[in-house]
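The values are calculated or read from the model by the stated rules, or taken from the named source; none is laboratory data. It should be emphasised that the depicted structure is a prediction, and the values quoted were computed from it without experimental measurement. Don't worry about glycine lacking a Cβ; one is built from the backbone with ideal geometry, like all the others, and counts go over all protein chains shown.
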Amino acid sequence: MSQWIETHRGIVRPEDCDVNQHMNVRGYFDRFGIASGYLLKQAGLYYSDVVRRGYGVGAVSNTIRYRRELVDGDTYTILSAFVRLGRSSFRHVHKMVRESDGELSASSDYTEVLFDLSARASTPLPEDMRAGIEARLVTLSEEDARWFA
């Protein structure tokens, strides 16, 4: 099994915050989107690359959970992993960790499916895409399994 990989690092800016000076939902969603793109690129499934092959990748589920808010000036790291591989779908999860104390701030949990752009239907993952995900599959720790249940 593989390890979690760093997929994004950044700082919360004033324009990312709501009136309470906490990072807003759009900020979290944007950062997790960047992390997802990075993870998929590592596995050979980046969106534009897949489209050139006649496929699409679409999210069928995306859940963001918040534990400890980030505020203006907080630095963070996002760690990501693939945790499930199906016939045409895969699940990847992301942990946003505040760098000052190592605390989990938020998480994102995606299930995505590969589909044939012409048929507009799900399609089995080609062997090279499947291998890219399999090489990066992570078994969740007990704590992570409870959080991502």
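Under the condition of being modelled with pLDDT under 95 and among the aromatic types (Phe, Trp, Tyr), which residue from the stretch 17-60 is surrounded by the fewest Cβ atoms within 10 Å (Cβ to Cβ)?
TYR47
Quick test for you: out of THR77, THR63, pick the one residue that is surrounded by 14 or more Cβ atoms within 10 Å (Cβ to Cβ), among the polar types (S, T, N, Q) and under 14 Å from the mean Cα position of the chain (by Cα).
THR77
If you go through the stretch 106-132 one residue at a time, how many are in contact with a Ser or Thr (Cβ under 8 Å, 6 or more places away or on another chain) and either part of a helix (DSSP H, G or I) or β-branched (Val, Ile, Thr) (or both)?
3
Within the stretch 133-149, how many residues turn out to be surrounded by 10 or more Cβ atoms within 10 Å (Cβ to Cβ), assigned to a helix (DSSP H, G or I) and either acidic (Asp, Glu) or in contact (Cβ under 8 Å) with a residue 40 or more places away in the chain (or both)?
Selection size over the stretch 133-149: 4.
With the structure loaded, tell me whether SER36 is of a type in the set (Gly, Ala, Ser), within 20 Å of THR139 (Cα to Cα) and in contact with a helix residue (DSSP H, G or I) (Cβ under 9 Å, 6 or more places away or on another chain) or whether it fails that test. Walk me through it before giving the result.
On the way: of a type in the set (Gly, Ala, Ser): yes; within 20 Å of THR139 (Cα to Cα): yes; in contact with a helix residue (DSSP H, G or I) (Cβ under 9 Å, 6 or more places away or on another chain): no.
So SER36 fails the test.
Looking at the stretch 1-45, which of its residues are in a loop (DSSP other than H, G, I, E, B) and in contact with a Leu (Cβ under 7 Å, 6 or more places away or on another chain)?
Residues of the stretch 1-45 that are in a loop (DSSP other than H, G, I, E, B), as a first pass: 1-4, 12-13, 18-21, 24, 43-45.
Scanning the stretch 1-45 gives MET1, SER2, TRP4, VAL12.
If a residue has to be under 14 Å from GLY44 (Cβ atoms) and crowded, with 16+ Cβ neighbours inside 10 Å to count, how many in the stretch 113-132 make the cut? First the steps, then the outcome.
Of the residues in the stretch 113-132, the ones under 14 Å from GLY44 (Cβ atoms) are 114, 125-132.
From the residues that got through so far, the ones that are crowded, with 16+ Cβ neighbours inside 10 Å too are 114, 125, 129-130, 132.
The qualifying residues number 5.
Condition check: loosely packed, with under 15 Cβ neighbours inside 10 Å, under 14 Å from GLY132 (Cα atoms) and charged (D, E, K, R). Does ASP101 satisfy that?
Answer is no for this residue.
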